[in-house]
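The values are calculated or read from the model by the stated rules, or taken from the named source; none is laboratory data. Note that the coordinates shown come from a computational prediction; the quantities given were computed from them, not determined experimentally. Note: ideal-geometry Cβ built from the backbone for every residue, glycine included; neighbour counts use all protein chains shown.
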Amino acid sequence: MHAPFAQLPYATAKSLRTLGKIRCVPEDFQVDEVAAYPPAGHGGHLFVRFEKRSQTTREAVAVLAKALGVNPRDVGVAGQKDKHAITTQWVSFERVSPEAALALSLPNLRVLAAVPHPHKLRTGHLRANRFVLVIREASDEASAREVLEQLAREGVPNYYGEQRFGVGERNVTRARAMLRGEAPLPRDRFERKLLMSALQSALFNEWLAERVADGLYARPIPGDLLRKEDSGGLFINEDNAAAERRMLDWEISATGPMFGASMRKPEGEAALREEAVFERSGITAEQLAAHAKLGEGTRRAARVRISEPHVEAIDGGLRLSFELPSGAYATTVLREIMKCELE
């Protein structure tokens, strides 16, 4: 079994706690997707940047696709954005004119730009996300600043946010039943992959929780599969003292398991830690191999770098702003600041 998101250990001291209220209105949680590259201005696909309010990305894409007369399954999406928020992001459509997209007038949706590009937008084709978050009735500005300063030095634990696991983390339970043959595979391929991803993410969180609790999420151990920050290249840690220095300088970070049949494995002490997590999972390597198309397995960095962190006192609370690389969760930063279950 894995620890629920609310019970994951913190990287910063529990005494550094800023209480308050979040997500009182959608404007309190704003996300702006930073594209990996600008659209070229020519080609058979149309990159559309839009703002949505109080909708999931899937809901917004379905509305846009219907209005433009295209199949939602053909829409390219770089990443999923929060529902209870105001967010901007890019998507792509094929055989749609810029004029048609810019002319749309839809509830809680606003098209901001429409530029042609030669190819479809793919999952993960974004550089980062910028966040502006408000904590209302905030209790301690100094603690919030200290937490952000520490996270800027050492990195943010790269936990998956609770939205990854479904209500009551049911998707993890369903995924285990699916792999064991105790429940039928969902007919929808997106749902099957969603369940597999939820299980992989839960096991990664369990692995990372142990590293955080042991003070090792921002430090290497022998046998770690380390990731170069500049290129993403992976290599085995054979010199722990050298790896320690490079990690302090933000040249490298440790990686953890997204279990799957094709996942690259660490060695030594790091391998033993991962094997222990997998043994407790209640699934087998054979079951992973039988469902390899749903999740081949990969590595995920133990920490991510927070950029341009800023705390500003406003009337009735605090405004936080920062940037995280794609795939990282702002809720992980918030829970470090607030030291409580986020609602």
Checklist (1) assigned to a helix (DSSP H, G or I); (2) within 24 Å of the chain's Cα centre (by Cα); (3) more than 30 Å from VAL25 (Cβ to Cβ) applied to ALA100, failing item: (2)
Residues (exposed (fewer than 15 other Cβ atoms within 10 Å of the Cβ), in a loop (DSSP other than H, G, I, E, B) and not polar (S, T, N, Q)) located in the stretch 120-141: ARG122, GLY124, GLU137
The stretch 80-97: number of residues that are crowded, with 17+ Cβ neighbours inside 10 Å and within 23 Å of the chain's Cα centre (by Cα): 11
Any pair with Cβ under 8 angstrom, 6 or more apart, that starts in the stretch 270-299 at a residue that is among the basic types (Lys, Arg) and ends at one that is assigned to a strand (DSSP E or B) and surrounded by 17 or more Cβ atoms within 10 Å (Cβ to Cβ): ARG299/LEU225; ARG299/ARG227; ARG299/THR255; ARG299/GLY256; ARG299/PRO257; ARG299/MET258
Residue that is surrounded by the most Cβ atoms within 10 Å (Cβ to Cβ) [pool: residues in the stretch 46-79 that are touching a helix residue (DSSP H, G or I) at 6+ places or on another chain (Cβ under 7 Å) and in a helix (DSSP H, G or I)]: VAL61
Answer residue from the stretch 251-273, given it is surrounded by fewer than 18 Cβ atoms within 10 Å (Cβ to Cβ) and in a helix (DSSP H, G or I) and is nearest to the chain's Cα centre (by Cα) among those: ALA271
Residue satisfying all of: in the stretch 142-201; outside any helix (DSSP H, G or I) and surrounded by 15 or more Cβ atoms within 10 Å (Cβ to Cβ); modelled with the lowest pLDDT among these: GLY166
Breaking point among (1) in a loop (DSSP other than H, G, I, E, B); (2) surrounded by fewer than 17 Cβ atoms within 10 Å (Cβ to Cβ); (3) touching a Pro at 6+ places or on another chain (Cβ under 7 Å), for TYR217: (2)
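Output the residue which, of all residues in the stretch 4-45 that are among the hydrophobic types (A, V, I, L, M, F, W, C), in contact with a helix residue (DSSP H, G or I) (Cβ under 6 Å, 6 or more places away or on another chain) and within 23 Å of ASP82 (Cα to Cα), is surrounded by the fewest Cβ atoms within 10 Å (Cβ to Cβ).
Of the residues in the stretch 4-45, the ones among the hydrophobic types (A, V, I, L, M, F, W, C) are 5-6, 8, 11, 13, 16, 19, 22, 24-25, 29, 31, 34-36, 40.
From what's left, in contact with a helix residue (DSSP H, G or I) (Cβ under 6 Å, 6 or more places away or on another chain): 5, 8, 11, 16.
From the residues that got through so far, the ones that are within 23 Å of ASP82 (Cα to Cα) too are 5, 8.
Numbers: PHE5: 23, LEU8: 21.
Result: LEU8.
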The stretch 7-30, residues that are farther than 15 Å from SER54 by Cβ and of a type outside the set (A, V, I, L, M): GLN7, PRO9, TYR10, THR12, LYS14, SER15, ARG17, THR18, GLY20, LYS21
In the stretch 274-297, the residues that are surrounded by fewer than 16 Cβ atoms within 10 Å (Cβ to Cβ) and either of a type in the set (A, V, I, L, M) or in a strand (DSSP E or B) (or both): ALA276, ALA285, ALA289, ALA290, ALA292
